[in-house]
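Peer 1: One structure follows; several queries about it will come next.
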Amino acid sequence: MSSNPSSAEVFNISAFTSATLRMDARITYEGKSADEVFDIMGDPERITDWYLLAKQVKMHPQVEGEEQSFNVEFTFFGDVFEEILHWDPPHRYVYLAKGDDFPIKDYVACIEVTEEGAGCGTMSWKIYSDVIEGEHFQRILPVILPAINEASMNKLCELIGGTSCTVDSYF
């Protein structure tokens, strides 16, 4: 896990992945601070509140000096381990997801919260990947994931005081 020395520096995802950007989602929010939005996005146990395929979150015992790790049980994807690679509250975090039944083999995502004024800003979620295992998943994921991710982002929009939501998909 790493941490940026300064949040003002330009963040470079290439330290964590060389994969292609597959989704770029943004929510403009009002009525919450960056800390409040980050607390919602950075709390694994809240995933089931907004991500449609998430069924259950299983927290692992916390190891001193390390970020919390956890598994999420997903419809279609089974048990997926998520590991925090970079943690910089309330600005951003980067995580990877992997699992035996999870077909995206090089999934890395970045969640960023940018405060643009008192009680308003933008939250973004970017997904990077290049490797989808299995012919069935290679055909179906580009069709279903954009719709699932957009519906999930719209749910999240309500939770964080969102005023607009945009999801650009490149699967």
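The values are calculated or read from the model by the stated rules, or taken from the named source; none is laboratory data. These numbers were taken from a predicted model, which means no experiment stands behind them. Neighbour counts run over all protein chains shown; Cβ positions are idealised from the backbone, glycine included.
Peer 1: Has segment 63-74 got any residue that is under 23 Å from Asn12 (Cα atoms), surrounded by 18 or more Cβ atoms within 10 Å (Cβ to Cβ) and either under 14 Å from the mean Cα position of the chain (by Cα) or not small (Gly, Ala, Ser) (or both)?
Peer 2: Taking every residue of segment 63-74 in turn, none turns out to be under 23 Å from Asn12 (Cα atoms), surrounded by 18 or more Cβ atoms within 10 Å (Cβ to Cβ) and either under 14 Å from the mean Cα position of the chain (by Cα) or not small (Gly, Ala, Ser) (or both).
Peer 1: Can you tell me how many residues within segment 29-71 are under 23 Å from Leu145 (Cβ atoms) and of a type in the set (S, T, N, Q)?
Peer 2: Going through segment 29-71 one residue at a time, the tally reaches 3.
Peer 1: Determine whether Val131 is surrounded by fewer than 19 Cβ atoms within 10 Å (Cβ to Cβ), in contact with a Lys or Arg (Cβ under 8 Å, 6 or more places away or on another chain) and at pLDDT 95 or above.
Peer 2: yes
Peer 1: Across segment 20-52, what is the number of residues that are in contact with a Leu (Cβ under 7 Å, 6 or more places away or on another chain) and in a helix (DSSP H, G or I)? Give the derivation first.
Peer 2: Step one: list which residues in segment 20-52 are in contact with a Leu (Cβ under 7 Å, 6 or more places away or on another chain), which gives 27, 40, 49-50.
In the following step, the residues that additionally are in a helix (DSSP H, G or I) were identified as 40, 49-50.
Going through segment 20-52 one residue at a time, the tally reaches 3.
Peer 1: Tell me, yes or no, whether segment 5-19 has at least one residue that is under 26 Å from Gly134 (Cα atoms), in a strand (DSSP E or B) and over 14 Å from the mean Cα position of the chain (by Cα).
Peer 2: No.
Peer 1: For a quick check of your reading: which strands (runs of 3 or more DSSP E) sit entirely within segment 72-157 and have at least 2 residues that are in contact (Cβ under 8 Å) with a residue 40 or more places away in the chain and acidic (Asp, Glu)?
Peer 2: Here the list reads 107-117.
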